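As C-alpha coordinates, the structure follows; a few thoughts come after it.
The values are calculated or read from the model by the stated rules, or taken from the named source; none is laboratory data. Because the structure is a prediction, the values reported are computed rather than measured. Glycine gets a Cβ as well: all are built from the backbone with ideal geometry, and neighbour counts include every protein chain shown.
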Amino acid sequence: MIDLDKLINPGDRPSRLEIGQAWSSEIDDTQARAIRDGAASQPASVAWLEGLDAARDEVAPFDPELLRKRAFRIREDEQREAELEAKREAQPRAAWWREFLSVTGAVAAATVAIVVLLPPVDRPTTREQHVTPHTTAGAKGSGAIDFYLLRDDQVHPGSEDEIHWAGDRVQFSYRTQGESTLVLLSVDGRGELNLYYPDVGDDPVPVVPGERHMLDGSIILDDAPDFELILAYFGHSSVAEVNDEVRAILDEEGREGLLLLAEDYMDVDSIFLHKGETSPAAGER
Amino acid sequence: MRPTDAELQTLYAQYAPVIHRRCRSILGNEEDAHDAVQETFSRVIVHWEKFRGESSPLTWMYRISTNYCLNRIRNRRSRADKRQVHRDEIVSTSFERAGSLWEDEATVRRLLELADDQERAIVIHLFFDDMTREQAARMVGVSVPTLRKRLNIFLKRARKAMESDGFALAAGAVVVLLSLLPLLLSFGEAP
(Lines give C-alpha, C1' and ligand atoms only; values in the text may rest on other atoms or scores of the structure.)
Protein backbone atom coordinates (compact mmCIF):
# COMPACT_ATOMS: atom_id res chain seq x y z
CA MET A 1 0.00 0.00 0.00
CA ILE A 2 1.23 3.47 -0.83
CA ASP A 3 2.14 5.94 1.86
CA LEU A 4 0.23 8.92 0.60
CA ASP A 5 2.31 11.44 2.52
CA LYS A 6 5.29 10.48 0.41
CA LEU A 7 3.62 10.73 -2.97
CA ILE A 8 4.22 14.43 -3.35
CA ASN A 9 7.29 15.86 -1.75
CA PRO A 10 6.11 18.25 1.01
CA GLY A 11 9.57 19.80 1.23
CA ASP A 12 11.03 17.54 3.88
CA ARG A 13 13.54 15.97 1.50
CA PRO A 14 15.64 17.10 -1.44
CA SER A 15 14.28 16.60 -4.93
CA ARG A 16 16.10 14.30 -7.29
CA LEU A 17 17.33 17.36 -9.16
CA GLU A 18 18.92 18.66 -5.97
CA ILE A 19 20.38 15.24 -5.26
CA GLY A 20 21.80 15.27 -8.78
CA GLN A 21 23.30 18.70 -8.22
CA ALA A 22 24.98 17.47 -5.05
CA TRP A 23 26.15 14.24 -6.65
CA SER A 24 27.62 16.01 -9.69
CA SER A 25 29.39 18.62 -7.52
CA GLU A 26 27.51 21.39 -9.26
CA ILE A 27 26.93 23.08 -5.94
CA ASP A 28 29.44 23.83 -3.21
CA ASP A 29 30.39 21.33 -0.51
CA THR A 30 28.30 22.91 2.23
CA GLN A 31 25.14 22.85 0.16
CA ALA A 32 25.91 19.35 -1.10
CA ARG A 33 26.39 18.10 2.45
CA ALA A 34 23.06 19.57 3.51
CA ILE A 35 21.31 17.84 0.63
CA ARG A 36 22.96 14.52 1.37
CA ASP A 37 22.00 14.87 5.03
CA GLY A 38 18.43 15.64 4.02
CA ALA A 39 18.36 12.58 1.80
CA ALA A 40 19.88 10.24 4.36
CA SER A 41 16.66 9.67 6.29
CA GLN A 42 14.56 8.99 3.19
CA PRO A 43 14.89 5.48 1.74
CA ALA A 44 13.76 6.58 -1.72
CA SER A 45 16.29 9.42 -1.79
CA VAL A 46 19.07 7.12 -0.59
CA ALA A 47 18.15 4.63 -3.31
CA TRP A 48 18.25 7.40 -5.90
CA LEU A 49 21.67 8.53 -4.74
CA GLU A 50 22.97 4.96 -4.93
CA GLY A 51 21.42 4.65 -8.35
CA LEU A 52 23.47 7.60 -9.56
CA ASP A 53 26.66 5.84 -8.49
CA ALA A 54 25.56 2.74 -10.40
CA ALA A 55 24.67 4.83 -13.45
CA ARG A 56 28.35 5.73 -13.92
CA ASP A 57 28.85 2.23 -15.27
CA GLU A 58 25.58 2.11 -17.18
CA VAL A 59 25.85 5.26 -19.25
CA ALA A 60 27.20 4.91 -22.78
CA PRO A 61 30.89 5.73 -23.27
CA PHE A 62 31.68 9.31 -24.24
CA ASP A 63 31.79 9.60 -28.04
CA PRO A 64 32.35 13.20 -29.18
CA GLU A 65 32.01 12.36 -32.88
CA LEU A 66 28.57 10.89 -32.36
CA LEU A 67 27.49 13.91 -30.35
CA ARG A 68 28.79 16.38 -32.92
CA LYS A 69 27.08 14.59 -35.78
CA ARG A 70 23.83 14.65 -33.93
CA ALA A 71 24.34 18.28 -33.00
CA PHE A 72 24.81 19.06 -36.68
CA ARG A 73 21.48 17.42 -37.53
CA ILE A 74 19.73 19.25 -34.69
CA ARG A 75 21.11 22.56 -35.91
CA GLU A 76 19.91 21.82 -39.45
CA ASP A 77 16.46 20.84 -38.20
CA GLU A 78 16.18 23.96 -36.09
CA GLN A 79 17.22 26.17 -39.00
CA ARG A 80 14.78 24.48 -41.36
CA GLU A 81 12.00 24.78 -38.84
CA ALA A 82 12.78 28.47 -38.30
CA GLU A 83 12.78 29.10 -42.05
CA LEU A 84 9.47 27.32 -42.52
CA GLU A 85 7.98 29.25 -39.64
CA ALA A 86 9.23 32.51 -41.10
CA LYS A 87 7.77 31.61 -44.48
CA ARG A 88 4.47 30.70 -42.94
CA GLU A 89 4.30 33.97 -41.05
CA ALA A 90 5.28 35.88 -44.18
CA GLN A 91 2.37 34.42 -46.16
CA PRO A 92 -0.01 37.23 -47.08
CA ARG A 93 -3.19 36.54 -45.18
CA ALA A 94 -5.40 37.83 -47.98
CA ALA A 95 -3.90 35.38 -50.46
CA TRP A 96 -4.48 32.53 -48.06
CA TRP A 97 -8.10 33.50 -47.52
CA ARG A 98 -8.67 34.05 -51.22
CA GLU A 99 -7.50 30.49 -51.79
CA PHE A 100 -9.59 29.24 -48.94
CA LEU A 101 -12.72 31.09 -49.98
CA SER A 102 -12.40 30.04 -53.60
CA VAL A 103 -12.17 26.39 -52.60
CA THR A 104 -14.99 26.77 -50.11
CA GLY A 105 -17.11 28.41 -52.75
CA ALA A 106 -16.37 25.67 -55.25
CA VAL A 107 -17.21 23.00 -52.71
CA ALA A 108 -20.44 24.74 -51.78
CA ALA A 109 -21.39 25.01 -55.44
CA ALA A 110 -20.57 21.36 -56.03
CA THR A 111 -22.61 20.34 -53.00
CA VAL A 112 -25.62 22.27 -54.28
CA ALA A 113 -25.20 20.66 -57.68
CA ILE A 114 -25.08 17.17 -56.19
CA VAL A 115 -28.12 17.81 -54.04
CA VAL A 116 -30.08 19.08 -57.05
CA LEU A 117 -28.98 16.41 -59.48
CA LEU A 118 -28.95 13.25 -57.40
CA PRO A 119 -32.14 11.46 -56.42
CA PRO A 120 -32.51 10.64 -52.72
CA VAL A 121 -30.60 7.52 -51.75
CA ASP A 122 -30.98 5.42 -48.62
CA ARG A 123 -27.38 5.50 -47.67
CA PRO A 124 -26.01 3.25 -44.98
CA THR A 125 -25.05 5.13 -41.87
CA THR A 126 -23.04 2.50 -40.09
CA ARG A 127 -20.58 -0.15 -41.10
CA GLU A 128 -22.96 -2.96 -40.13
CA GLN A 129 -25.69 -1.65 -42.39
CA HIS A 130 -23.37 -1.40 -45.32
CA VAL A 131 -24.12 -4.52 -47.34
CA THR A 132 -23.06 -3.39 -50.81
CA PRO A 133 -19.67 -1.86 -50.22
CA HIS A 134 -18.82 -0.58 -53.66
CA THR A 135 -22.14 0.94 -54.65
CA THR A 136 -21.56 4.12 -52.72
CA ALA A 137 -18.07 4.82 -53.91
CA GLY A 138 -17.91 8.43 -55.02
CA ALA A 139 -21.09 9.33 -53.15
CA LYS A 140 -19.65 9.77 -49.68
CA GLY A 141 -21.22 12.45 -47.56
CA SER A 142 -20.67 11.84 -43.86
CA GLY A 143 -17.15 13.16 -43.63
CA ALA A 144 -14.48 14.41 -45.98
CA ILE A 145 -11.06 15.95 -45.72
CA ASP A 146 -8.97 18.10 -47.99
CA PHE A 147 -5.66 19.76 -47.51
CA TYR A 148 -3.54 22.76 -48.29
CA LEU A 149 0.11 22.55 -49.10
CA LEU A 150 2.89 24.97 -48.22
CA ARG A 151 5.89 24.43 -50.43
CA ASP A 152 8.55 26.82 -51.65
CA ASP A 153 6.79 29.86 -50.25
CA GLN A 154 3.54 28.98 -51.94
CA VAL A 155 0.31 27.87 -50.33
CA HIS A 156 -2.16 26.10 -52.57
CA PRO A 157 -4.95 23.56 -52.31
CA GLY A 158 -3.42 20.11 -52.18
CA SER A 159 -3.95 17.42 -54.77
CA GLU A 160 -3.43 13.67 -54.70
CA ASP A 161 -2.20 13.89 -58.26
CA GLU A 162 1.08 15.58 -57.48
CA ILE A 163 4.23 14.18 -55.92
CA HIS A 164 5.01 15.21 -52.37
CA TRP A 165 8.33 15.50 -50.62
CA ALA A 166 9.80 15.39 -47.17
CA GLY A 167 9.51 18.90 -45.75
CA ASP A 168 6.19 19.74 -47.38
CA ARG A 169 3.86 21.32 -44.86
CA VAL A 170 0.27 20.19 -44.95
CA GLN A 171 -2.79 21.64 -43.24
CA PHE A 172 -6.10 19.79 -43.31
CA SER A 173 -9.67 20.94 -43.59
CA TYR A 174 -12.78 18.85 -43.05
CA ARG A 175 -16.45 18.84 -43.80
CA THR A 176 -18.92 16.57 -42.06
CA GLN A 177 -22.64 16.08 -41.82
CA GLY A 178 -23.88 14.84 -38.50
CA GLU A 179 -20.61 13.61 -37.06
CA SER A 180 -19.09 15.46 -34.15
CA THR A 181 -15.70 13.81 -33.70
CA LEU A 182 -12.63 13.13 -35.77
CA VAL A 183 -9.54 10.97 -35.56
CA LEU A 184 -6.94 11.78 -38.17
CA LEU A 185 -3.91 9.59 -38.64
CA SER A 186 -1.63 8.34 -41.38
CA VAL A 187 0.05 5.18 -42.52
CA ASP A 188 3.36 5.77 -44.23
CA GLY A 189 5.53 3.80 -46.59
CA ARG A 190 7.31 2.20 -43.68
CA GLY A 191 3.99 0.82 -42.44
CA GLU A 192 4.02 3.08 -39.39
CA LEU A 193 0.91 4.67 -37.98
CA ASN A 194 1.14 8.32 -37.02
CA LEU A 195 -1.60 9.95 -35.00
CA TYR A 196 -2.21 13.65 -35.71
CA TYR A 197 -5.62 14.52 -34.29
CA PRO A 198 -5.84 14.18 -31.39
CA ASP A 199 -2.14 14.44 -30.71
CA VAL A 200 -2.62 12.89 -27.28
CA GLY A 201 -5.28 11.01 -25.41
CA ASP A 202 -7.88 8.51 -26.46
CA ASP A 203 -10.71 10.94 -27.13
CA PRO A 204 -11.23 12.02 -30.75
CA VAL A 205 -11.14 15.74 -31.41
CA PRO A 206 -14.52 17.49 -31.59
CA VAL A 207 -15.51 18.80 -35.02
CA VAL A 208 -18.26 21.09 -36.19
CA PRO A 209 -20.77 19.59 -38.59
CA GLY A 210 -21.68 21.58 -41.65
CA GLU A 211 -19.42 23.81 -43.66
CA ARG A 212 -15.74 23.26 -44.23
CA HIS A 213 -13.44 24.01 -41.31
CA MET A 214 -9.70 24.14 -41.03
CA LEU A 215 -7.97 21.99 -38.46
CA ASP A 216 -5.57 23.85 -36.21
CA GLY A 217 -1.89 23.34 -36.88
CA SER A 218 -0.16 21.55 -39.70
CA ILE A 219 2.15 18.62 -40.26
CA ILE A 220 5.49 18.41 -42.01
CA LEU A 221 5.97 15.32 -44.13
CA ASP A 222 8.96 13.29 -43.05
CA ASP A 223 11.26 11.17 -45.19
CA ALA A 224 9.14 8.02 -45.08
CA PRO A 225 9.32 6.59 -48.61
CA ASP A 226 6.68 5.91 -51.29
CA PHE A 227 3.51 7.28 -49.77
CA GLU A 228 1.64 8.77 -46.87
CA LEU A 229 -1.97 7.62 -46.60
CA ILE A 230 -3.96 10.06 -44.48
CA LEU A 231 -7.10 8.60 -42.90
CA ALA A 232 -9.89 10.58 -41.30
CA TYR A 233 -12.37 8.71 -39.13
CA PHE A 234 -15.52 10.65 -38.32
CA GLY A 235 -17.84 9.82 -35.44
CA HIS A 236 -15.76 7.15 -33.74
CA SER A 237 -15.63 6.95 -30.00
CA SER A 238 -11.96 6.26 -29.33
CA VAL A 239 -8.53 6.54 -30.86
CA ALA A 240 -7.73 3.00 -29.77
CA GLU A 241 -10.69 1.65 -31.73
CA VAL A 242 -9.49 3.44 -34.87
CA ASN A 243 -5.90 2.38 -34.33
CA ASP A 244 -6.87 -1.25 -33.93
CA GLU A 245 -8.99 -1.24 -37.07
CA VAL A 246 -6.36 0.45 -39.19
CA ARG A 247 -3.65 -1.88 -37.97
CA ALA A 248 -5.79 -4.96 -38.57
CA ILE A 249 -6.67 -3.93 -42.13
CA LEU A 250 -3.10 -2.94 -42.87
CA ASP A 251 -1.82 -6.30 -41.67
CA GLU A 252 -4.40 -8.32 -43.59
CA GLU A 253 -4.92 -6.34 -46.78
CA GLY A 254 -2.16 -3.79 -46.97
CA ARG A 255 -2.67 -0.20 -48.03
CA GLU A 256 -5.17 -1.21 -50.73
CA GLY A 257 -7.47 -2.43 -47.97
CA LEU A 258 -7.32 0.96 -46.32
CA LEU A 259 -8.01 2.74 -49.58
CA LEU A 260 -11.06 0.54 -50.16
CA LEU A 261 -12.22 1.20 -46.62
CA ALA A 262 -12.15 4.91 -47.26
CA GLU A 263 -14.02 4.43 -50.52
CA ASP A 264 -16.64 2.17 -49.07
CA TYR A 265 -17.66 3.83 -45.85
CA MET A 266 -19.13 7.22 -45.35
CA ASP A 267 -17.50 7.80 -41.99
CA VAL A 268 -13.96 7.39 -43.35
CA ASP A 269 -12.13 9.55 -45.84
CA SER A 270 -8.59 9.35 -47.09
CA ILE A 271 -5.91 11.29 -48.90
CA PHE A 272 -3.19 9.36 -50.67
CA LEU A 273 0.03 11.31 -51.00
CA HIS A 274 2.64 9.94 -53.39
CA LYS A 275 6.12 10.58 -52.01
CA GLY A 276 9.06 11.36 -54.28
CA GLU A 277 12.47 9.87 -53.57
CA THR A 278 14.45 13.05 -54.03
CA SER A 279 12.99 16.49 -54.24
CA PRO A 280 14.06 18.45 -57.34
CA ALA A 281 14.54 21.34 -54.96
CA ALA A 282 16.29 19.25 -52.33
CA GLY A 283 19.45 21.25 -52.65
CA GLU A 284 17.61 24.39 -51.75
CA ARG A 285 15.90 22.94 -48.69
CA MET B 1 31.91 29.11 -30.36
CA ARG B 2 31.88 25.37 -29.80
CA PRO B 3 32.98 23.27 -26.82
CA THR B 4 36.20 21.34 -27.06
CA ASP B 5 36.18 17.58 -26.69
CA ALA B 6 37.84 17.97 -23.29
CA GLU B 7 35.13 20.35 -22.08
CA LEU B 8 32.44 18.01 -23.33
CA GLN B 9 34.06 15.01 -21.72
CA THR B 10 34.20 16.75 -18.36
CA LEU B 11 30.53 17.65 -18.57
CA TYR B 12 29.67 14.15 -19.72
CA ALA B 13 31.40 12.54 -16.76
CA GLN B 14 29.75 15.01 -14.42
CA TYR B 15 26.18 14.92 -15.67
CA ALA B 16 25.52 12.01 -18.05
CA PRO B 17 24.84 9.48 -15.26
CA VAL B 18 22.25 11.85 -13.73
CA ILE B 19 20.43 12.36 -17.02
CA HIS B 20 20.64 8.67 -17.83
CA ARG B 21 19.24 7.63 -14.51
CA ARG B 22 16.42 10.15 -14.65
CA CYS B 23 15.34 9.35 -18.21
CA ARG B 24 15.45 5.62 -17.57
CA SER B 25 13.12 6.21 -14.67
CA ILE B 26 10.70 8.26 -16.79
CA LEU B 27 10.85 6.30 -20.03
CA GLY B 28 11.32 2.86 -18.57
CA ASN B 29 14.05 1.41 -20.73
CA GLU B 30 17.79 1.61 -21.29
CA GLU B 31 17.66 2.31 -25.01
CA ASP B 32 15.59 5.46 -24.65
CA ALA B 33 17.69 6.56 -21.69
CA HIS B 34 20.88 6.27 -23.73
CA ASP B 35 19.29 8.22 -26.56
CA ALA B 36 18.11 10.90 -24.14
CA VAL B 37 21.68 11.38 -22.94
CA GLN B 38 22.94 11.68 -26.51
CA GLU B 39 20.20 14.16 -27.38
CA THR B 40 20.81 16.27 -24.30
CA PHE B 41 24.57 16.55 -24.84
CA SER B 42 24.13 17.19 -28.55
CA ARG B 43 21.90 20.11 -27.65
CA VAL B 44 24.53 21.31 -25.22
CA ILE B 45 26.85 21.58 -28.24
CA VAL B 46 24.23 23.35 -30.35
CA HIS B 47 23.36 25.85 -27.62
CA TRP B 48 26.80 26.09 -26.07
CA GLU B 49 26.79 29.85 -25.54
CA LYS B 50 23.45 29.79 -23.78
CA PHE B 51 24.42 26.71 -21.82
CA ARG B 52 27.58 28.35 -20.48
CA GLY B 53 25.52 31.21 -19.12
CA GLU B 54 23.30 28.95 -17.05
CA SER B 55 23.70 29.12 -13.29
CA SER B 56 22.70 25.48 -12.98
CA PRO B 57 23.74 23.40 -15.99
CA LEU B 58 21.89 20.39 -14.60
CA THR B 59 18.61 22.33 -14.42
CA TRP B 60 19.09 23.32 -18.07
CA MET B 61 19.78 19.68 -18.97
CA TYR B 62 16.69 18.64 -17.03
CA ARG B 63 14.59 20.91 -19.23
CA ILE B 64 16.15 19.55 -22.39
CA SER B 65 15.75 15.95 -21.32
CA THR B 66 12.17 16.63 -20.20
CA ASN B 67 11.38 17.79 -23.72
CA TYR B 68 13.00 14.66 -25.09
CA CYS B 69 10.93 12.49 -22.75
CA LEU B 70 7.73 14.30 -23.70
CA ASN B 71 8.48 13.68 -27.37
CA ARG B 72 9.16 10.02 -26.77
CA ILE B 73 5.95 9.61 -24.84
CA ARG B 74 4.03 11.43 -27.57
CA ASN B 75 5.53 9.25 -30.27
CA ARG B 76 4.81 6.08 -28.37
CA ARG B 77 1.21 7.14 -28.20
CA SER B 78 0.92 7.03 -31.96
CA ARG B 79 2.43 3.62 -32.40
CA ALA B 80 -0.02 1.00 -33.47
CA ASP B 81 1.48 -1.63 -31.25
CA LYS B 82 1.54 0.53 -28.16
CA ARG B 83 -1.10 -1.42 -26.33
CA GLN B 84 0.86 -4.61 -26.62
CA VAL B 85 3.97 -2.72 -25.59
CA HIS B 86 2.28 -1.44 -22.51
CA ARG B 87 0.83 -4.76 -21.55
CA ASP B 88 4.36 -6.05 -21.68
CA GLU B 89 5.61 -3.21 -19.56
CA ILE B 90 2.94 -3.68 -16.96
CA VAL B 91 3.62 -7.34 -16.40
CA SER B 92 7.37 -6.82 -16.35
CA THR B 93 9.23 -5.96 -13.19
CA SER B 94 10.00 -2.31 -12.70
CA PHE B 95 13.72 -2.01 -12.13
CA GLU B 96 13.24 0.82 -9.70
CA ARG B 97 10.40 -0.59 -7.73
CA ALA B 98 12.27 -0.68 -4.45
CA GLY B 99 13.24 2.95 -4.51
CA SER B 100 10.18 4.29 -6.20
CA LEU B 101 7.44 6.43 -4.80
CA TRP B 102 5.06 4.56 -7.03
CA GLU B 103 3.95 0.97 -6.85
CA ASP B 104 4.17 0.56 -10.58
CA GLU B 105 6.03 3.12 -12.65
CA ALA B 106 5.02 1.42 -15.86
CA THR B 107 1.41 2.21 -15.09
CA VAL B 108 2.28 5.83 -14.51
CA ARG B 109 4.02 5.89 -17.88
CA ARG B 110 0.89 4.52 -19.48
CA LEU B 111 -1.21 7.17 -17.77
CA LEU B 112 1.19 9.87 -18.94
CA GLU B 113 0.21 9.08 -22.49
CA LEU B 114 -3.31 10.27 -21.75
CA ALA B 115 -2.08 13.70 -20.80
CA ASP B 116 -1.08 16.78 -22.73
CA ASP B 117 2.50 17.98 -22.60
CA GLN B 118 2.04 20.39 -19.70
CA GLU B 119 0.31 17.79 -17.57
CA ARG B 120 3.01 15.28 -18.43
CA ALA B 121 5.71 17.70 -17.40
CA ILE B 122 3.93 18.32 -14.10
CA VAL B 123 3.59 14.62 -13.37
CA ILE B 124 7.21 14.00 -14.34
CA HIS B 125 8.49 16.71 -12.01
CA LEU B 126 6.25 15.75 -9.11
CA PHE B 127 6.52 12.01 -9.21
CA PHE B 128 9.66 11.09 -11.10
CA ASP B 129 11.78 14.04 -9.98
CA ASP B 130 10.27 14.10 -6.48
CA MET B 131 9.90 17.87 -6.53
CA THR B 132 7.67 19.89 -4.29
CA ARG B 133 4.66 21.54 -5.84
CA GLU B 134 6.46 24.88 -5.79
CA GLN B 135 9.56 23.47 -7.50
CA ALA B 136 7.49 21.68 -10.14
CA ALA B 137 5.44 24.80 -10.80
CA ARG B 138 8.66 26.79 -11.31
CA MET B 139 10.05 24.21 -13.71
CA VAL B 140 6.88 24.17 -15.80
CA GLY B 141 6.39 27.92 -15.56
CA VAL B 142 2.94 27.96 -13.97
CA SER B 143 1.53 29.01 -10.60
CA VAL B 144 0.94 26.43 -7.87
CA PRO B 145 -2.86 26.75 -8.17
CA THR B 146 -2.58 26.20 -11.90
CA LEU B 147 -0.40 23.18 -11.30
CA ARG B 148 -2.99 21.80 -8.91
CA LYS B 149 -5.77 22.29 -11.45
CA ARG B 150 -3.80 20.68 -14.26
CA LEU B 151 -2.93 17.70 -12.10
CA ASN B 152 -6.54 17.36 -11.09
CA ILE B 153 -7.62 17.31 -14.73
CA PHE B 154 -4.99 14.70 -15.51
CA LEU B 155 -6.09 12.46 -12.66
CA LYS B 156 -9.74 12.67 -13.60
CA ARG B 157 -8.97 11.75 -17.19
CA ALA B 158 -6.71 8.94 -16.09
CA ARG B 159 -9.34 7.56 -13.76
CA LYS B 160 -11.92 7.65 -16.53
CA ALA B 161 -9.57 5.84 -18.87
CA MET B 162 -8.81 3.21 -16.29
CA GLU B 163 -12.49 2.63 -15.68
CA SER B 164 -13.36 2.29 -19.33
CA ASP B 165 -10.23 0.85 -20.87
CA GLY B 166 -9.78 -2.86 -21.21
CA PHE B 167 -6.04 -3.08 -20.80
CA ALA B 168 -4.56 -4.77 -17.81
CA LEU B 169 -3.75 -2.09 -15.30
CA ALA B 170 -2.26 -3.13 -12.04
CA ALA B 171 -4.71 -2.94 -9.19
CA GLY B 172 -2.20 -1.05 -7.09
CA ALA B 173 -2.21 1.79 -9.57
CA VAL B 174 -5.96 2.15 -9.23
CA VAL B 175 -5.44 2.56 -5.52
CA VAL B 176 -2.78 5.18 -6.17
CA LEU B 177 -4.99 7.13 -8.51
CA LEU B 178 -8.08 7.10 -6.38
CA SER B 179 -6.08 7.88 -3.29
CA LEU B 180 -4.55 10.91 -4.90
CA LEU B 181 -7.86 12.71 -5.18
CA PRO B 182 -8.25 13.40 -1.46
CA LEU B 183 -4.61 14.41 -1.41
CA LEU B 184 -5.34 16.97 -4.10
CA LEU B 185 -8.15 18.40 -2.05
CA SER B 186 -5.67 19.18 0.70
CA PHE B 187 -3.36 21.08 -1.65
CA GLY B 188 -4.81 24.44 -0.84
CA GLU B 189 -4.48 23.86 2.88
CA ALA B 190 -0.84 22.89 2.80
CA PRO B 191 1.60 25.55 4.02
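Kindly provide the set of residues from region B:23-38 that are crowded, with 24+ Cβ neighbours inside 10 Å and facing chain A (nearest Cβ under 7 Å), ordered by number.
Of everything in region B:23-38, just one residue is crowded, with 24+ Cβ neighbours inside 10 Å and facing chain A (nearest Cβ under 7 Å), namely B:V37.
Please work out which one of (1) modelled with pLDDT under 90; (2) buried (at least 20 other Cβ atoms within 10 Å of the Cβ) is the condition B:R43 fails and give its number.
(1)
Mind checking which residues of region B:130-139 are in contact with a helix residue (DSSP H, G or I) (Cβ under 8 Å, 6 or more places away or on another chain) and surrounded by fewer than 23 Cβ atoms within 10 Å (Cβ to Cβ)?
B:R133, B:E134, B:Q135, B:A137, B:M139
Run down B:E49, B:E54, B:E7 and say which single residue is more than 8 Å from every other protein chain (Cβ to nearest Cβ) and not in a helix (DSSP H, G or I).
Exactly one of B:E49, B:E54, B:E7 is more than 8 Å from every other protein chain (Cβ to nearest Cβ) and not in a helix (DSSP H, G or I), namely B:E54.
Give region B:112-134 a look and list any residue that's among the hydroxyl-bearing types (S, T, Y) and touching a residue at least 60 places away in the same chain (Cβ under 8 Å), or say none.
Within region B:112-134, none qualify.
Cβ contacts < 9 Å: first residue more than 7 Å from chain B (Cβ to nearest Cβ), restricted to region A:15-26; second residue among the aromatic types (F, W, Y) and surrounded by 21 or more Cβ atoms within 10 Å (Cβ to Cβ), any location; separation 6+ or different chain. Result?
Listed by first residue and then by second, the contacts come to A:I19/A:W48.
Which number in (1) part of a helix (DSSP H, G or I); (2) at pLDDT 85 or above; (3) crowded, with 16+ Cβ neighbours inside 10 Å marks the one condition that A:A34 misses?
(3)
Would you point out which residue out of A:S41, A:S24, A:S45 is over 20 Å from B:T40 (Cβ atoms) and crowded, with 16+ Cβ neighbours inside 10 Å? Even if it seems obvious, please write down each step before you answer.
Numbers: A:S41 fails: crowded, with 16+ Cβ neighbours inside 10 Å; A:S24 fails: over 20 Å from B:T40 (Cβ atoms).
Exactly one of A:S41, A:S24, A:S45 is over 20 Å from B:T40 (Cβ atoms) and crowded, with 16+ Cβ neighbours inside 10 Å, namely A:S45.
Output the qualifying pairs, or none if there are none: Cβ atoms under 6 angstrom, residues six or more apart or on different chains, first residue in region B:135-159 and of a type in the set (G, A, S), second residue buried (at least 16 other Cβ atoms within 10 Å of the Cβ) and part of a loop (DSSP other than H, G, I, E, B).
Short answer, once both residue conditions are applied: B:A158/B:L114.
Select, from A:G201, A:G210, A:G189, the only residue that is modelled with pLDDT under 85, away from chain B (no Cβ under 14 Å) and more than 21 Å from A:H156 (Cβ to Cβ). Spell out how you get there, then give the answer.
Numbers: A:G201 fails: away from chain B (no Cβ under 14 Å); A:G189 fails: modelled with pLDDT under 85.
Testing whether each residue is modelled with pLDDT under 85, away from chain B (no Cβ under 14 Å) and more than 21 Å from A:H156 (Cβ to Cβ) leaves just A:G210.
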